[in-house]
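Peer 1: Before I ask anything, here is the structure I am working with.
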Amino acid sequence: MNPLRSLILAAADNDVIRRTVATAPVSRDVVRRFVAGETVADAIEVTRQLVDSGLTVTLDHLGEDTTDADLADQTVRAYLELLDALYAEGLAAGAEVSVKLTAVGQLLDEQLALTNAARICAAAEQCGTTVTLDMEDHTTTDSTLRVLAELRRTWPSVGAVLQAYLHRTVGDCARLAGTGSRVRLCKGAYAEPAEVAYQDMHEVNLSYVRCVNTLLAGDGYPMFATHDPRLVPIVDARAEAHGRKPGGFEFQMLYGIRPEEQRRLAALGHTVRVYVPYGVQWYGYLMRRLAERPANTAFFLRALVSRS
Ligand SMILES: Cc1cc2nc3c(=O)[nH]c(=O)nc-3n(C[C@H](O)[C@H](O)[C@H](O)COP(=O)(O)OP(=O)(O)OC[C@H]3O[C@@H](n4cnc5c(N)ncnc54)[C@H](O)[C@@H]3O)c2cc1C
């Protein structure tokens, strides 16, 4: 792993650094480049701006792994409040929600996670939107796909996420490429061992393209989540070769990352969905985004020095 990335990820786990950064009067602008804010009202405001500019949204309520049933219940209630607000503000058609099963109890009990995720899916359906299950580290993949299959019996529109860095993923793409199946394809964000995941970025990119072709050859609705300036035109060209029109697949990017590219793709007629995180637990998420790209770290440190 890149040494700067390791350093930032280590800093993210250090309690003293965490407290110092999280409580420093860092400009709202800096955190808000990547995170909508701490409240539902913040999430709604950012969603409205993005939807008004021709983009669609998936909202992530930020939290950490939950090993306590009460915390899992609090997470569910946070999503229910968010969904109510999306409905009340007339934004549900342009915004869905992304849910991490570990935040609703997966590490405690798979059945609890299923029950909690079902509460969110039922509320999403009532509000006129849907849910995508984020994918976490490889030890949770089988469990997440089992929960997905159960949820889809009642809510077929529940989205899956597959990670191109896992050796297994091209097979999972083939299995999940059936009619109407919404599948987000990303490279994968966790530090995974060589037994299960490609370590070399070139191999990850090749796997990503194999998965793009597999999903596009099926009858599902692929959602290509990447900021990679080499992969975006490849996805576009492969979609055209497979006869997919804009609207038959979508691009997804994170809030604050390559916003001009998001608007450019939308202006070409593509559906572009922006992944918008919000919530009080923004610190870990922000550190992971900084670790991905040194330029973001320099931007953050400059603002920290000049405004704190
Ligand atoms: C909508 C969405 C949902 C996701 N959901 C999940 C999930 O459920 N599970 C999971 O494991 N991972 C998820 N991820 C994260 C994903 O797996 C990657 O870690 C992350 O997207 C970085 O990969 P990349 O494809 O952008 O390519 P990278 O290989 O990280 O970057 C390739 C190129 O993209 C450009 N780029 C990347 N980052 C930036 C930046 N910050 N600013 C400017 N340019 C940049 C640069 O040119 C870079 O060289 C998600 C990502 C997105 C966009």
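The values are calculated or read from the model by the stated rules, or taken from the named source; none is laboratory data. No experiment lies behind these values; they were computed from the predicted model shown. Here the Cβ positions follow ideal geometry from the backbone for every residue, glycine too, while neighbour counts run over all protein chains shown.
Peer 1: If I filter segment 194-208 for residues that are in contact with a Cys (Cβ under 8 Å, 6 or more places away or on another chain), surrounded by fewer than 19 Cβ atoms within 10 Å (Cβ to Cβ) and farther than 15 Å from residue 248 by Cβ, do I get at least one hit?
Peer 2: no
Peer 1: While we're here: Confirm whether residue 177 is within 28 Å of residue 116 (Cα to Cα) and not β-branched (Val, Ile, Thr).
Peer 2: yes
Peer 1: Restricting segment 98-112 to residues that are under 19 Å from residue 185 (Cβ atoms) and in contact with a Phe, Trp or Tyr (Cβ under 9 Å, 6 or more places away or on another chain), which is farthest from the ligand (Cβ to nearest atom)?
Peer 2: The qualifying residue farthest from the ligand (Cβ to nearest atom) is 99.
Peer 1: In this structure, does residue 147 turn out to be outside any helix (DSSP H, G or I), in contact with a Leu (Cβ under 7 Å, 6 or more places away or on another chain) and in the same structural domain as residue 108 (by TED's automatic domain parsing)?
Peer 2: Criteria not met by residue 147.
Peer 1: Please pick out the residue among 154, 132 that is crowded, with 23+ Cβ neighbours inside 10 Å, within 19 Å of residue 221 (Cα to Cα) and either away from the ligand (no atom under 13 Å from the Cβ) or of a type outside the set (A, V, I, L, M) (or both).
Peer 2: 132
Peer 1: Also, quick follow-up: Within segment 182-208, which residues are within 12 Å of the ligand (Cβ to nearest atom) and aliphatic (A, V, I, L, M)?
Peer 2: If the condition is that a residue be within 12 Å of the ligand (Cβ to nearest atom) and aliphatic (A, V, I, L, M), then 183, 185, 189, 191, 197, 201, 204 are the ones that fit.
Peer 1: Residue 275: near the ligand (Cβ under 10 Å from one of its atoms), surrounded by fewer than 21 Cβ atoms within 10 Å (Cβ to Cβ) and among the hydroxyl-bearing types (Ser, Thr, Tyr), yes or no?
Peer 2: yes
Peer 1: I'd like to check something: does segment 251-265 contain any residue that is surrounded by fewer than 19 Cβ atoms within 10 Å (Cβ to Cβ), in contact with a helix residue (DSSP H, G or I) (Cβ under 7 Å, 6 or more places away or on another chain) and among the β-branched types (Val, Ile, Thr)?
Peer 2: No, segment 251-265 contains no residue that is surrounded by fewer than 19 Cβ atoms within 10 Å (Cβ to Cβ), in contact with a helix residue (DSSP H, G or I) (Cβ under 7 Å, 6 or more places away or on another chain) and among the β-branched types (Val, Ile, Thr).
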